[in-house]
1. Working only within the stretch 1-47, note down all residues that are of a type in the set (A, V, I, L, M) and either touching a strand residue (DSSP E or B) at 6+ places or on another chain (Cβ under 6 Å) or open to solvent by less than 90 Å² (accessible area, probe 1.4 Å) (or both).
2. Could you check how many residues of the stretch 165-181 are in contact (Cβ under 8 Å) with a residue 40 or more places away in the chain, of a type outside the set (A, V, I, L, M) and surrounded by 14 or more Cβ atoms within 10 Å (Cβ to Cβ)?
3. Answer yes or no as to whether Thr119 is modelled with pLDDT under 90 and hydroxyl-bearing (Ser, Thr, Tyr).
4. What number of residues in the stretch 14-23 are modelled with pLDDT of 80 or more and outside any loop (DSSP other than H, G, I, E, B)?
5. So which pairs qualify, if the first residue must be in the stretch 182-199 and under 27 Å from Asp160 (Cα atoms), the second must be open to solvent by 100 Å² or more (accessible area, probe 1.4 Å), the Cβ gap must be under 8 Å, and the two must be at least 6 apart or on different chains?
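The values are calculated or read from the model by the stated rules, or taken from the named source; none is laboratory data. Predicted model, so just to flag it, every value in this text is computed and none were measured. All Cβ positions, glycine included, derive from the backbone under ideal geometry; neighbour counts span all protein chains shown. Side chains are part of the model used for accessible areas, which takes the heavy atoms of the whole protein and leaves out ligands, DNA and RNA. Shrake-Rupley method; radii C 1.70, N 1.55, O 1.52, S 1.80 Å.
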Amino acid sequence: VEEVQVSGLGAPAEYGSYTGAVVNSVTKSGGNVHAGLFDVYYTKDSLYSDNTDASIEAANPSLAIPAQFRKRLDINAQLSGPLVKDKLFFFVAAQRFEVTDNPSGAIEDVTEVSPRFNTKLTWQPGPNDNLSLNFQWDNYNVRGRCDYADALCSQQITVDQDSPEAIWGLQWRHLFGTRTFAEVKYTGWWGYYYLDPQV
């Protein structure tokens, strides 16, 4: 996201009568300079302590052991730039997020794997027209999820969550002058949210 605008009471008249807030976000676009970003975050259980000694656990078998982290991995990459200078630009981003935790209580490891992909193509045929096409896909997967407090949950009532989604949009903007413009937008969404019992 390149820019976010949040309006509450006193927003411009174009929003009409509404309650709550108006949130407008602008996704990143490419420009005339090629640019990129790559970062990785990784950690695992051997890199930190849970502050619970084994002798304390043995003497207190009913003690709720704090959540133990097994693995965290977050890989991000972005690339943008021109396809045709001053006319056609691209932006593409991808992420892979993985986490494995061993929560307190009677649940074994809970694993999340969530890949994401986002792209945007912007075409400016002339100084008064702008056409953009964007597409986003992500797949949120959790194995061993429990909707109750982890300490009260058991492995028999956990679920596997599978919830992919795709979002797309097409936008055309034409400037008639310094004070007048027209904008046409088309957006769509596809997805589902499944919770399948593990047992």
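1. Val1, Val4, Val6, Ala11, Ala21, Val22, Val23, Val26, Ala35, Leu37, Val40, listed by residue number.
2. The number of residues fulfilling the criteria is 4.
3. no
4. Start the filter on the stretch 14-23 by keeping residues that are modelled with pLDDT of 80 or more, which leaves 21-23.
After this cut, where a residue has to be outside any loop (DSSP other than H, G, I, E, B) as well, the list is 22-23.
Matching residues across the stretch 14-23 total 2.
5. If the second residue must be open to solvent by 100 Å² or more (accessible area, probe 1.4 Å), the pairs left are Gln198/Gln156; Val199/Gln156.
Yes/no matrix, rows are residues, columns are (1) open to solvent by less than 70 Å² (accessible area, probe 1.4 Å); (2) part of a strand (DSSP E or B); (3) over 30 Å from Glu2 (Cα atoms); (4) among the charged types (D, E, K, R):
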site	(1), (2), (3), (4)
Asp86	no, no, no, yes
Thr100	yes, yes, yes, no
Trp137	no, yes, no, no
Asn141	yes, yes, no, no
Ser163	yes, yes, no, no
Val184	no, yes, no, no
